[in-house]
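The values are calculated or read from the model by the stated rules, or taken from the named source; none is laboratory data. This is a predicted model, so every value here is computed, not measured. Cβ: placed from backbone, ideal geometry, glycine included. Neighbour counts: every protein chain shown.
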Amino acid sequence: MSPARARLLHQLQQRLPAGELSLNPRVLSQYAGDKWFAAHQPDAVARPRSTRSVSTILRFANRHQIPVTPRGAGHGYVGGCVPLRGGIVLSLERMNRILEINPDDFVAVVQPGVVTARLQAEVAMRGLYYPPDPASRAESFIGGNIATNAGGPRCLKYGVTRDYVLGLEVVLADGTVARLGGRTHKNKTGFDLHRLFVGSEGLLGVVTEATLKLLPLPPYRANLAIGFSSMRAAVRALHGILRAGFLPTALELADAFTLAAAYRRTGSERLRGCRAHLIVELDGQRQSVRDEIRSLQGIIRRQKPLFVEVGLGDRQCERIWKIRREFSYSLRDTGLTKLNEDIVVPRGRLEDLFAFAARLQKKHGLAVACFGHAGDGNIHTNVMVDFNQPGAKRRSRAALDELFRHVLAWGGSITGEHGIGIAKQRWWPLAVSTEVRNLHRKVKRALDPGGILNPGKFIG
């Protein structure tokens, strides 16, 4: 850090309430990265307690051209909150209050540092439901979910974070505080500006408050865990469910490599020799859900499954989901580095994707493990790498290049949940046209002309 910047940061420290800006090297090192493989130490860490402080920080940083990298809980997988240009990491962890839960309006008003699972538990106690369920919901913040437009298994029926954001309070790069949207479930007053900030990865502004849509809590749920001898049978079962007119809460699919790793971790005999695994969940009224689960079993048995396990009610459902939550940990147990790519393909390409992953594995000599949200085509495709092997880095890059090119050729997307960040910058020009990239730059320049917010990421 230059002496000039150090002097400026000391000035900013004096303008903020005590303890809101730290220059302590031990603190700085804790905010250098997320769950991806890159890190860069910032010059300062701001942990404001109010919108006023966020505004002060951004106004000062904009005036003096100090980079600012907004940060949630740091559970991202693409390096989105790595402060590549140093400057200030702006952590929203202390803005963690649930300001309102209104059962009459079906809204919650929260600060960005509220943990997603905490909000879900609080609204459930009032008979309400906040459906978005990223895998990191026990640790991730609502603000980070908004920044990445987080999803999860329930997206098939309920949609992603964007679908629940009714209004936002946002601090722009120059310190201006704007309240966008509102608390009504319908609003066509001007542009949908609040949605512009959902999925913006901290490049356009800092969310300091969110008004979120809630739903009535479904009184009952049930699910099925099904093992198959082939991926083709599993995909046919999935299509059969949807063609029969069912809209499950979740449809989760896993491949043979993932299941073999999960067997080694859990010792579950049902996974031994299982080549594909499908979880189907329904929710709604008790009797209708039980009737539909019986109908689903009839559809599934046409594909001659190895087993069908039924979960009725919350406790039994959670027992089935427990093994799904072990998949990622099971892959880590292999000792290989897991390059987690959250690609999305059109649903009709699911079987093609799993077949292509098998070919990719043979061609590049790297294990490829696929599991995830098959209901909406969002399959986490994990390239498993031993970086101690000669040429592993080159082969993994070639495998990812081939994966993303195939996904895009099928009309898919290079990211469904995690965002671009640093990890997917290489493929950003392949994923969108020159015209679309230019449009992104125009929006960025309009809202952040000095380019201080999260610099070094995918918008140049």
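Within the group Gly416, Gly412, Gly450, which residue is surrounded by fewer than 21 Cβ atoms within 10 Å (Cβ to Cβ) and either modelled with pLDDT under 95 or over 21 Å from Ala150 (Cβ atoms) (or both)? Even if it seems obvious, please write down each step before you answer.
Details: Gly416 fails: surrounded by fewer than 21 Cβ atoms within 10 Å (Cβ to Cβ); Gly412 fails: either modelled with pLDDT under 95 or over 21 Å from Ala150 (Cβ atoms) (or both).
Of the residues listed, the single one that is surrounded by fewer than 21 Cβ atoms within 10 Å (Cβ to Cβ) and either modelled with pLDDT under 95 or over 21 Å from Ala150 (Cβ atoms) (or both) is Gly450.
Looking only at the stretch 12-37, which residues are touching a helix residue (DSSP H, G or I) at 6+ places or on another chain (Cβ under 8 Å) and not charged (D, E, K, R)? Scanning the stretch 12-37 gives Leu12, Leu16, Pro17, Leu21, Ser22, Leu23.
Rundown of residues vs (1) part of a helix (DSSP H, G or I); (2) among the charged types (D, E, K, R); (3) within 28 Å of the chain's Cα centre (by Cα), yes/no style:
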position: Gly273; (1), (2), (3): no, no, no
position: Leu278; (1), (2), (3): no, no, yes
position: Glu281; (1), (2), (3): no, yes, yes
position: Glu292; (1), (2), (3): yes, yes, no
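Only one of the numbered conditions (1) touching a helix residue (DSSP H, G or I) at 6+ places or on another chain (Cβ under 9 Å); (2) part of a loop (DSSP other than H, G, I, E, B); (3) touching a residue at least 24 places away in the same chain (Cβ under 8 Å) is violated by Ile226, and that is (2). No other residue among Val78, Val89 is within 24 Å of the chain's Cα centre (by Cα), in a loop (DSSP other than H, G, I, E, B), among the β-branched types (Val, Ile, Thr) and crowded, with 22+ Cβ neighbours inside 10 Å apart from Val78.
In a residue-by-residue description of the stretch 312-329, the property of being within 27 Å of Lys157 (Cα to Cα), hydrophobic (A, V, I, L, M, F, W, C), assigned by TED's automatic domain parsing to the domain that holds Ala261 and not in a helix (DSSP H, G or I) applies to at least one position. Provide a single number: the residues in the stretch 146-163 that are farther than 17 Å from Ile343 by Cα and surrounded by 24 or more Cβ atoms within 10 Å (Cβ to Cβ). Number of matching residues: 3. Restricting the first member to the stretch 176-205 and to residues that are crowded, with 20+ Cβ neighbours inside 10 Å, and the second to residues that are among the small types (Gly, Ala, Ser) and in a loop (DSSP other than H, G, I, E, B), the beta-carbon pairs closer than 6 Å and six or more apart or on different chains are Phe197/Gly205; Glu201/Gly80; Glu201/Gly419.
Ala256 meets the stated requirement of being surrounded by 13 or more Cβ atoms within 10 Å (Cβ to Cβ), outside the structural domain of Ala392 (by TED's automatic domain parsing) and either without any contact (Cβ under 8 Å) to a residue 40 or more places away in the chain or acidic (Asp, Glu) (or both).
Among the residues here, Leu312 does not qualify as of a type in the set (A, V, I, L, M, F, W, C), modelled with pLDDT of 95 or more, on the phi < 0 side of the Ramachandran plot and buried (at least 16 other Cβ atoms within 10 Å of the Cβ). Suppose we filter Gly181, Gly167, Gly175, Gly151 for residues that are modelled with pLDDT under 95 and touching a helix residue (DSSP H, G or I) at 6+ places or on another chain (Cβ under 8 Å); which single one remains? It is Gly151. Pairs meeting the criteria (first residue in the stretch 30-51 and within 23 Å of Leu339 (Cα to Cα), second residue charged (D, E, K, R), beta carbons under 7 Å, at least 6 apart or on different chains) are Tyr31/Arg71. Here Asn62 meets each of (1) assigned to a helix (DSSP H, G or I); (2) surrounded by fewer than 17 Cβ atoms within 10 Å (Cβ to Cβ); (3) touching a Gly at 6+ places or on another chain (Cβ under 8 Å) with one exception, condition (2).
The set of residues in the stretch 135-145 being surrounded by fewer than 24 Cβ atoms within 10 Å (Cβ to Cβ) and touching a helix residue (DSSP H, G or I) at 6+ places or on another chain (Cβ under 6 Å) consists of Arg137, Ala138, Ser140.
For the condition aliphatic (A, V, I, L, M), within 26 Å of Gly419 (Cα to Cα) and touching a residue at least 12 places away in the same chain (Cβ under 8 Å), Ala276 does not qualify.
Could you tell me whether the stretch 342-354 includes any residue that is assigned to a strand (DSSP E or B), within 24 Å of Arg395 (Cα to Cα) and at pLDDT below 95?
Here is the first cut: in the stretch 342-354, the residues assigned to a strand (DSSP E or B) are 342-344.
In the following step, the residues that additionally are within 24 Å of Arg395 (Cα to Cα) were identified as 342-344.
Filter once more, keeping what is at pLDDT below 95: 342.
Yes; the residues of the stretch 342-354 include at least one that is assigned to a strand (DSSP E or B), within 24 Å of Arg395 (Cα to Cα) and at pLDDT below 95.
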